[in-house]
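These notes concern the structure reproduced below.
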Amino acid sequence: MITGNGKTIEIDTDQNGVYEVYDLAPGRYRITPVRIEGFSTGEKGYEQVEIKAAAHTEKNFHFRMNKTTTGRNISL
């Protein structure tokens with residue numbers, strides 16, 4: 001989801017996780033990726049980007065696997 005300049009836009013990625021958005025007005029935007037169970041993108045869960053006039057802007061997200069293990073020990 002991309003939010004900014006009075007707009008909220010929901011977008012989908014392709015099979016490789018790539019997304020593109022065109023014709024955004026210059027300004028600051030918040031990009032919030034969908035949460036994936038067992039993974040995190042950082043503390044905030046979103047990133048801020050600034051779109052400048054006549055410029056290309058790129059923002060990549062890196063998902064990290066949560067490092068938690070649950071279970072029980074069973075003695076035989």
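All of the numbers you see were taken from the coordinates with simple rules; none came from a lab. Quick caveat: nothing in here was measured; it's all calculated off a predicted structure. Here Cβ is always computed from backbone atoms with ideal geometry, including for glycine, and neighbour counts include all displayed protein chains.
Numbers for the structure displayed
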| read-out | value |
| --- | --- |
| Glu10/Ile74 FRET efficiency (R0 35 Å; Cβ-Cβ; nearest 0.05) | 0.15 |
| Relative compactness, segment 1-59, computed as alpha-carbon Rg over 2.2 N^0.38 Å | 1.17 |
